[in-house]
Every structure is written in C-alpha cells, then in structure tokens.
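Here the structure is laid out as structure tokens; the discussion comes afterwards.
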Amino acid sequence: MIATYSVRLLILCCASFFLIHFALGLLSLNLFPRFSRTFASMPPQWASRISISLRLGPACLSTLAVLCLCLPSYLRYEGNLATEEVGWPSLVLAGIGLLICLLALVRAASAVAKSSALSRSVRAAKDPDYWYLTRDDKAVPSIALVGLLEPKVVVSPRVLQELTLEQFQATLDHESAHRYSNDNLKRLFILLAPDLFPFVRSFRRMEDHWNRYSELSADDFATRGQPDRSIALAEALIKLAKFERRQSPPPLVSGLFTASASLTLRVERLLRLKTPTQPSPRLQLLLWSGPCLLLLSCALLLPHPHFVEGVYHLLEAFLH
Amino acid sequence: MTEPRRSRNPFKLLLLGSLEREVMTLVSQTGGGTVRDICSSLSRPLAYTTVMTTLDRLFKKDLLVRQKDGRCFRYAPRSAVSVDPGKAFSSSDRLSNTPPIPLVSYLLDAVGTYDEALLQELEKTIAARRRQFEREGKL
C-alpha cells in the first residue's frame, strides 16, 4: 500500500515537473530572443545574468512548484487507496520527466568527476594563493580556472616564458573574475538543469550566450576600461592562441561556439575601449519585478488551504 | 592547392547565421575572392576580421573552398553543394551533438582551431592600436 502510494507520488511529481518545466522552458525560449537583441547595448555582466536566469529559471521554478505545491497537496489530501489507477498519458509524461532529470544528473556527475580528476592531476599541494604553476604542461591549457568550491587558477610554466608581466597580470585578473563570479559553479548548475526533451539540447543558445558574455564580463573586470590593460590582455590572448594551438586539445574542452569568432570579438572589443552602458531603468525594473512578483504571489497563495486543495484536484484529474 | 574538407557534420550545412547567409549569397553571385574583395563588395561596412571569420566558418562548414594566394586565402563556392542560403535555418541551437559544458573556465575556448591568418591580422590590429595609444599618450 505504501509502495503504490509512493509510486503514484513519484509519477505525479515527475509528470508535473515535466509539464511545468516544458511550459516554462517554452516561455523562456520565447523570451530569450527579445532579451538577446538588447545584449549588445548592456554590460556583459547583465547579459550573462539574464542568459543564465533564463536557462536555470524553468528548472528552478518547476522544482519549486513540485516541492511547494504538488508534494504538499498530495500528502495532505490523498488517501491510501491501493486500487487507484494511473492513466497512461501521465505515465508517459512521468517517464520523460524522469529521463530528462536523470540525464542532467548523469551529465553533471560525469563533469564533476572529470573536473575533480583534472584538479587532482594538476594541483601539486594545498596552496594558499589563488594561482599556482602546474608541473604538467599538457594537463590543462596554458591558463585555466580549475575547481568548483575553491577554484584556483592553474598556470602553465610556458605562460611565464611567453607573456610579459603586464600581460600575465591581465590574464590572471581575467581568471580571477571567473573565480569571483563562481563561473565553474554556474557551469555545474547549467549541467544540472534538464533540457526540454531527452537528448535534445534545447537551451544551447542561452548557454552559448552565457559563456560568451561571462568571458566579456571577465575581460571588462581585467581591463577596468584602462588602455594599457586592454592592450596587454589582447596581446596575451593572441600569444596564448598561438601557443595553445600547437598543443593537443585538453580534457573537458567543448566547442560551444566558434573559437575564432570569440577571439575576434574579444580582441576587437578590447581595442575599442568602449565603456559599457547600464541597462535602461525600464529593463532593470522588469528584471527585478518578475522574481519579486513571483515570490509575493507564492507567499500569498501557498498558505491558503483552498488553493492547495484546488491544486490537488487538478493533479487528481491529471493522474487519472 | 585546395585544402581537404574538415567538417563531418552534414547538418552544419543548414545552420547559417544572417551574416553567413549574406556572405554566402555574395560569394555565390560573384564567384568568390579574397577577404578584402568580399569586404569591399558587401553592402554594409564590416570589419576585415569579422568577414574573415565568417568566411573561415563557411569553409569549415564545407560550403566554400579556399586556395592559398600569397599570404591570404581566396575563397570560392563549393560547386557540389547546392544549398540555398536564403532557405537555410538561422537558428543554430536546434541540433546539437556537443559534449556538455566543462566545469573548468579557460582563457581561450576550443584551442587548436585558430586560423594563422586571423591571428596575424589580429596581431597587426593590436600593434596599430598600441601605436595609436602611445601617440595619444594613453600608454
């Protein structure tokens, strides 16, 4: 009896998750082009924030909806009826929901395992500093941020030979920006967020945009709008691109977007010395008001027993 | 001598961006040329490096062929490919077979794919900008 009760609960949660996630995912995919048109005119930090919010939003909100609505309503109103049947459409949706979550988990676990292995292989010892030289030149690219919770910048000895002190400082500052904004952790959350359907990377464009704008944001942090730093970082990028292309591709590297386009965009941007403008007050208001309204409506509706009961009846109808 | 084909994904032929479509149409109409030729034939002013990157991308997608002409490449349409750029899909996010995002941040992405000519061109641009900043007393 407990087993059937739990199985029904699992089916309900998975199917609800899939449906809510699908609806929110479609909304997010529709909203994204509207936002991305304004990305060029706003600071890259904001563009990356919007991209990652739209990417993670559907997964976070669907999980919240299942945990705060579906689960409590079922536990509160569902009796232990062992004979209750489950309709096949909800079974199919639950299967897809479970599969997309499992795939996301496997993807994230695999990336964590690879990242940990890489971190162990290049880290010589516990180092209090935020960067250190690696002994193995081939383990990672010339300069990279490795680790999730306490990321460190790993530098190949070759970098110190190739770059001037000014260029090296600019590259270190760039990686520090990734460190301060916890970009490796954000990558993990992106991997943990399921796709709309199994085996289809529906949100890839958002991930690409986040990746690109987080790089530009790190460039801005490293240069701070100063010409000498901009030139130094641009020179370092070209030197490292020449240096790295002679090496074999490192582990965990994936071609998320054309490397040449990224490099060209970044160098041209660094040389323009354009001071980024803040997003318009209207857009800022829109960005902040959305999550605030959602939290407020949740806080008002959730304690209401009729609302939870209504959700239960809706789920019951869906389950059968 | 024409370089060997690189791209192995046939779907990439259909995934063109707006600039790629524009450049592809121009190359199909004019029969191709160097990056500078194509830059000057475009209806709107675009940076040399932007056009170079676009052409390189089209070459990697197997839509163009290129031959070394002195220090630069001469691009031409691949006659065997009959893709109508106007009908090509613009969204590149529909099909994906890339591995997941790594949990490591790199200064440069996807190493090993930079074009020598592109790097030389960027290096020249940086050197020119450095000289300009030095003249202006910014450095």
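Data overview
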| read-out | value |
| --- | --- |
| Subset of the stretch A:187-205 [of a type outside the set (S, T, N, Q) and either at the interface with chain B (Cβ under 8 Å from one of its Cβ atoms) or farther than 24 Å from residue A:18 by Cβ (or both)] | A:187, A:188, A:190, A:191, A:200, A:201, A:203, A:204, A:205 |
| Looking only at the stretch B:56-69, and only at residues there that are among the hydrophobic types (A, V, I, L, M, F, W, C) and outside any helix (DSSP H, G or I), the one that is farthest from the other protein chains (Cβ to nearest Cβ) | B:65 |
| Condition check for residue A:109: in a helix (DSSP H, G or I), of a type in the set (A, V, I, L, M, F, W, C) and at pLDDT 80 or above | yes |
| Which numbered condition residue B:53 fails, given (1) assigned to a helix (DSSP H, G or I); (2) over 14 Å from the mean Cα position of the chain (by Cα) | (2) |
| Options A:144, A:125, A:139: the member that is facing chain B (nearest Cβ under 10 Å), at pLDDT below 85 and outside any helix (DSSP H, G or I) | A:144 |
| Check on residue A:40, under 24 Å from the mean Cα position of the chain (by Cα) and closer than 30 Å to residue A:270 by Cα | yes |
| Qualifying positions in the stretch A:212-227 - within 10 Å of chain B (Cβ to nearest Cβ) and not in a helix (DSSP H, G or I) | A:226 |
| Residue tally, condition within 21 Å of residue A:62 (Cβ to Cβ) and assigned to a helix (DSSP H, G or I), over the stretch A:161-211 | 13 |
| Residue within the stretch A:75-91 that is over 26 Å from residue A:197 (Cβ atoms), touching a residue at least 24 places away in the same chain (Cβ under 8 Å), in a helix (DSSP H, G or I) and small (Gly, Ala, Ser) present | no |
| Filtered residues of the stretch A:148-158 (kept if buried (at least 22 other Cβ atoms within 10 Å of the Cβ) and in a loop (DSSP other than H, G, I, E, B)) | A:151, A:156 |
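Results for (1) at the interface with chain B (Cβ under 9 Å from one of its Cβ atoms); (2) within 22 Å of residue A:35 (Cβ to Cβ); (3) modelled with pLDDT of 85 or more; (4) surrounded by fewer than 17 Cβ atoms within 10 Å (Cβ to Cβ), shown as yes or no for each residue.
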| position | (1), (2), (3), (4) |
| --- | --- |
| A:161 | no, no, no, yes |
| A:174 | yes, no, yes, no |
| A:183 | yes, yes, yes, no |
| A:246 | yes, no, no, yes |
| A:270 | yes, no, yes, no |
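The values are calculated or read from the model by the stated rules, or taken from the named source; none is laboratory data. Bear in mind the structure is a predicted one, so any value in this text is a computation, not a measurement. As a convention, Cβ positions derive from the backbone with ideal geometry for all residues, glycine included, and neighbour counts pool all protein chains shown.
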